Amino acid sequence: MQQLETTSTFDYQSEHYKDAYSRINAIVIEGEQEAYDNYRKLAESLPDSKDDLLRLAKMESRHMKGFQACGKNLSVTPDMAFAAKFFSQLHENFQRAWGEGKIVTCLLIQSLIIETFAISAYNIYIPVADDFARKITEGVVKDEYSHLNFGEEWLKANFESAKAELQEANRQNLPIIWAMLNQVADDARVLGMEKDALVEDFMITYGEALANIGFSSRDVMRLSAQGLAAI
Amino acid sequence: MFGLIGHLTSLDHAQLVARDLGFPEYADQGLDFWCSAPPQIVDTIKVTSATGQQIEGRYVESCFLPEMLAAKRIKAATRKIINAMAHAQKHGIDITALGGFSSIIFENFNLNQIQQVRNVTLEFERFTTGNTHTAYIICQQVVAAAGQLGINLSDATVAVCGATGDIGSAVCRWLTARTDIKELLLIARNQERIEILKEELGCGVAIALEEALPKADIVVWVASMAKGVEVDPKSLKRPCLMIDGGYPKNLDQRFNYEGVHVLKGGIVEHSLDIDWRIMQIVNMDVPGRQLFACFAEAMLLEFEKWYTNFSWGRNQITLEKMDMIGQSSRRHGFRPLLDLNAAPLVAKSF
């Protein structure tokens, strides 16, 4: 049998690596910025959880600075225009839902989908990251689990009233994530992150969150695979 | 609670099963999709011992498919096993058997180096390969089926194909110590390992498969037969007993000749019905009662509350441990399958 490669070596200073990194790094920075804005908006809508949400927002802002430092460390200028476009559809959907007072949809987009997307990307990135970025990312991923937990707990407590809206929001937003993943699959591969590993990690963490909220395993299988067949 | 980590025999099989279980999202997908699919708990199992004790378990489908190895998707294959283990542990399962290729992949790719899986630190003592029970059952099948066919062990030549593997070496150890077989033929690819085994056993002849088959009264297969090996049926002894310990079990199609008897190896029958649906999916002849001995090992460890990785690593199976699991197996109502030339364990539509 073939051997499994458990360690990889990358030329982090090669133009090829840095070019791909300029987009991936930008996505991560933009993602943390979006999260900061989204949690501050949610704090306005959920006065009971205001302090918690503002605390989460603050953490996201700190993460963003950490990832900016990762780019600087490799002398990479993040392509922020690409990243803004990359998040535009999810961003619009969040804004619209917030405008309509659909808190369940907002939580699904930010606390479940975006947090899970971040957790899976960071988990897959850590073993192939440069030393500087690895330390930063390891610290961040621990925080992101607590952010996912916030959404899970809120939705679990409101499961019966939120169920139908969650299913609809999942149907609208999860296919966007698969399309986003596809868009950066080539860049991610340059950084040593395989698309099938990213999808699998996402489905595991997202599926666990849906199960914690109260969905049956059958629902979890259906919901977490929604739209995946099309990619 | 006990757990079983299993997988299906091929992509076609997986698609059929997904459709049958009512998961159309999974049913029409190709290998790429399965490489990304997460582990799932797909069955809840209730087992009653011959002593009356009842236990409950879970079946974890890892979504691994043998095609992943063939297509060199090694990282995907290893992720499936590690993720299924993390899934079992997260669900509070005390002891889980690594069925089918799972334990082989774990061993071959040294997955014990990967203990941190996302936010889970794998506790390897919660897992067992089930190989001790499988080896014990295969040995019992050799003795009992030889008796049925009138093969006298003291006159018999026994060939073990895959002799240096975890199960193969245990079978050799047991046959040498506990029977008076005339000759033991050792078939394996790695000559160095064969020499070490010979030294340990104090007997045995290293031999190529083609040379061994015409000499053997009994052949124990724990490695799959290499493709392209041609066997002249006339050259085989009559009667000849073949114990098919591979997965999937398809040797009876290969050796469908008068006087050649193929027995599905490493399969047990329970004396009471087991409440589950998963054995229907792998097409056991009697799905309520027949199962892989490695799975039964997890059940035995649960019955006995021996929460430990009873079978672990390579070539660690001792005669004492085989005796221990054997006693437990009999006490709780399991017995080795002895239906010679039963239908093969392969995927079919249902």
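Just so it is clear, none of the values below were taken in a lab; they were calculated from the coordinates. This is a predicted model, so every value here is computed, not measured. Positions of Cβ are backbone-derived with ideal geometry, glycine not excepted, and every protein chain shown enters the neighbour counts.
Summary table
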| item | result |
| --- | --- |
| Sequence of A:SER75, A:SER224 once ranked by neighbouring C-beta atoms within 10 Å, starting from the fewest | A:SER75, A:SER224 |
| Vicinal HN-Hα couplings computed from phi for segment B:162-168 (Karplus, 6.51 cos²θ - 1.76 cosθ + 1.60; Hz; Gly/Pro x) | x, 5, 8, x, 4, 6, x |
| Cα-based helix-to-principal-axis angle, B:319-331 vs chain B, degrees rounded to 10 | 70 |
| Using a Förster distance of 22 Å, the FRET efficiency for A:LYS72-A:ARG134 (Cβ separation, nearest 0.05) | 0.90 |
| Charge-dipole axis of segment B:135-266 as Lys and Arg at +1 and Asp and Glu at -1 on Cβ define it, positive-most pick from B:THR176, B:LEU209, B:VAL231 | B:VAL231 |
| Neighbour-count ranking [beta-carbon atoms within 10 angstrom, fewest first] of B:TRP306, B:TRP174 | B:TRP306, B:TRP174 |
| Projected area, mean over directions - segment B:249-296, Cα convex hull, nm² | 3.8 |
| Order of B:TYR307, B:TYR59 - criterion: other Cβ atoms within 10 Å of each residue's Cβ, fewest first | B:TYR307, B:TYR59 |
| Net charge of neighbours whose Cβ lies under 14 Å from the Cβ of A:GLU168, counting Lys and Arg as +1 and Asp and Glu as -1 | +2 |
| Mean-position separation - Cα centroids, segment A:59-132 and segment B:294-324, in angstrom | 46 |
| Rule-of-thumb Rg ratio for segment B:135-266 [Cα; 2.2 N^0.38 Å; N residues] | 0.94 |
| Against the rule of thumb 2.2 N^0.38 Å, how large the Cα Rg of segment B:48-132 comes out | 1.17 |
| Long-range HN-HN contacts of B:ASP43 with modeled amide H, under 5 Å | B:TYR59 |
| Cα Rg over Rh - segment B:266-336, Kirkwood | 0.98 |
| Inter-centroid distance (Cα atoms) of segment B:34-77 relative to segment B:148-188, Å | 31 |
| Which listed pairs, of A:LYS156/B:LYS80; B:LYS46/B:LYS249; A:LYS135/B:LYS75; A:LYS18/B:LYS72; A:LYS85/A:LYS135; A:LYS102/A:LYS156, have C-alpha distances above 19 Å, in listed order | A:LYS156/B:LYS80; B:LYS46/B:LYS249; A:LYS135/B:LYS75; A:LYS18/B:LYS72; A:LYS85/A:LYS135 |
| Spherically averaged projected area in nm², based on the convex hull that wraps the Cα atoms of segment B:118-195 | 7.3 |
| Cut-off under 5 Å, modelled amide H: who pairs with B:LEU185 long-range | B:VAL158, B:ALA159, B:VAL160, B:VAL205 |
| Coarse-grained scattering of segment A:80-231 at q = 0.16, 0.18, 0.19 Å⁻¹, given as base-10 log I(q)/I(0) from a Debye sum over alpha-carbon atoms | -0.90, -1.13, -1.25 |
| Considering only chain B, percent of DSSP beta bridges that pair antiparallel, nearest 5 | 35 |
| Nitroxide proxy distance, nm - points 7 Å out along Cα→Cβ at B:LYS46 and A:LYS50 | 5.2 |
| Spin-label model distance (nm) - B:ASN119 vs B:GLU199, 7 Å beyond Cα toward Cβ | 5.0 |
| Whole-Å distance, taken between Cα centres, linking segment B:190-267 and segment A:176-214 | 45 |
| Value of D in µm² per second that Stokes-Einstein yields for chain B, Kirkwood Rh from Cα pairs, at 37 °C (0.692 mPa s) | 160 |
| Where labels lie 7 Å past Cα in the beta-carbon direction, separation of B:ARG19 and B:ALA177 in nm | 4.9 |
| Net charge, A:ALA188 excluded, C-beta distance under 9 Å - Lys, Arg +1, Asp, Glu -1 | -1 |
| Area projected by the alpha carbon convex hull of the protein assembly as shown, averaged over all directions, nm² | 27.6 |
| ³J(HN,Hα), Karplus 6.51/-1.76/1.60, whole Hz, each residue of segment A:43-53, x for Gly, Pro | 4, 5, 8, 10, x, 5, 10, 3, 4, 4, 5 |
| B:TYR307/B:ARG277 FRET efficiency (R0 30 Å; Cβ-Cβ; nearest 0.05) | 0.70 |
